[in-house]
Amino acid sequence: MKADVREILKNAALCVLSLLALWLAWNTWIYEPALSPIAGGHTGGGGMASVLTAAAKPGSGMLSGDAGRASAGFGGADMQVLYLRTAPLLGEAMGSASSPENVSEDQWLSALRGRGVFLDYFSPVPLGALAAWFGTSTAVFSDMEASEMLLTPQNGDDTSFFFRDGATGSYYRSACAVNGVALSQLISEYEPDGSFFAFEHAAVYKNVPPETIIRPGDFSLPEIRASNPLDAENSVRILRAVDMNPYSNARYTEQDGTIVYVDNACTLRIGPGGLVRYSNKSEPGEALWNRLFISDKPDRAAVVEFVRRLADDAMSQLWGDAELYFDRLSELPSGGFRVTFRYVVNGIPVYPEGGKAADAVISGGRITELQLYVRRYETLREETALLPMTQAAALPTRQGGAIVTAYIDEAAGDIEPEWVLR
């Protein structure tokens, strides 16, 4: 009898452990997007986790400790490492944040002077979409956007979450549940490299935003090669992504080589230069009105994620060493949205003359217009020496304009990096 009881208890324990293992596996999979590395430095169709991580990744960052500051980004792999280590903390901060309170610029700069982790995005990111990418949700930020964020450890275990609203330029602070001791430990593991914020030498760097990161030393970045990967086989991928039949006979070729596919009120135009234009002019009640439908009343986060997923389905196998970064979200007078995504290569934004990587208009809860600029970018061994950041940031520019390194893609061929005004 005792042996039977022991056997029953043993089986029960094994059952509990098995269920626990399944629970952990499930939760790990759910949270994976914010933690998983980007294989090979680009999404490259490497799975949902890597794509989400790339879309939410900042352009640069700064760790400030008692011994000094260390920066990351500007084309280096250190930004990827920093982001993968701070993403769990940022996700926790957003998921546990209190209602944000407005703070002054002086309070913002005072926080930057102390210990903390600062993240700078290429463009304002909707906090709702960012929270969703981290596997959490938050209602306290409503329709707010953030272009810069800061986590600062306070006394004991407390941490403050600061951000600058990209739409209004106002500064905000929230309390959050991030462990301040763990954040301080992360900061202490980095060696100072002499980096500083522009406001710390305001007389020299008066024309750039005060939170601009300045890294001393020589500066060089690799060149890249741009090409148009669209051919008949890859065009099939585009058509399927927008839910159109790639083998339909309802198509014709225009004089300039553009192939036009027609499906009732929906058209898709694939240009010879890689520019793709989709349009849905269906009326409510018609058969194709709800093609590429999101929801009756999609929120900002749902809109951003739907367009990101569509662009990834259409182009992730084609863009080579590039990543897809969120670029901009705007509300239209008609009540719809316009959302754009950009190409980034090795942490450096690309500005193609053909337009954004993805540009979508959402009306009536579905995509009515979509433009994709299909490009392939390859990193070359050759590097270009740029003007040091300490000198570039001090050049006379439009006051308040940020300087960034970028690739200007004007045509197929090799592209050198350069400083541009954002």
Starting from the Cα gyration tensor of segment 107-169, take the square roots of the eigenvalues, sort them a ≥ b ≥ c, and report rounded, prolate or oblate (rounded when a/c is under 1.5, otherwise prolate if a/b is larger than b/c, else oblate). oblate
Taking θ = phi - 60°, what integer Hz values does the Karplus form 6.51 cos²θ - 1.76 cosθ + 1.60 yield along segment 293-308, in sequence order, with x for Gly and Pro? 7, 9, 5, 4, 9, x, 7, 4, 5, 5, 5, 4, 5, 5, 5, 4
Among THR212, THR384, THR136: highest mean-square fluctuation, GNM of the chain, C-alpha pairs under 10 Å: THR384
Listed residues SER142, SER110, SER195, most fluctuating in the chain (Gaussian network, C-alpha, under 10 Å): SER110
Number of Lys pairs in the chain closer than 25 Å at Cα, excluding neighbours under 8 places apart unless interchain, is 4
Any idea which of PHE74, PHE306, SER235 is furthest toward the positive side of the dipole for the chain, if Lys and Arg beta-carbons carry +1 and Asp and Glu beta-carbons -1? PHE306
Could you tell me the relative contact order of the chain? Use alpha-carbon pairs under 8 Å, at least six residues apart, and round to a whole percent. 17
Segment 330-389 versus segment 183-262: alpha-carbon centroid distance in Å: 7
I need the shape label for the chain. Rule: rounded when a/c is under 1.5, else prolate if a/b > b/c, else oblate, with a, b, c from the alpha carbon gyration tensor. oblate
Which GluC sites (Glu not before Pro) in segment 194-282 pass both tests, a DSSP loop state and at most 14 other beta-carbon atoms within 10 Å? GLU254
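Classify segment 92-232 as rounded, prolate or oblate, taking a ≥ b ≥ c as the square roots of the eigenvalues of its Cα gyration tensor: rounded when a/c is under 1.5, otherwise prolate if a/b is larger than b/c and oblate if not.
oblate
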Would you mind telling me which residue in ALA203, ALA402, ALA322 has the biggest mean-square fluctuation in a Gaussian network model of the chain, where springs connect alpha carbons within a distance under 10 angstrom? ALA203
What does the charge add up to near ASN179, with Lys and Arg as +1, Asp and Glu as -1, over the other residues with Cβ less than 11 Å from its Cβ? -3
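Values quoted throughout were computed directly from the atomic coordinates according to the rules given, and no laboratory measurement underlies them. As the structure is a prediction and not an experimental result, all values here were calculated from the model. All Cβ positions, glycine included, derive from the backbone under ideal geometry; neighbour counts span all protein chains shown.
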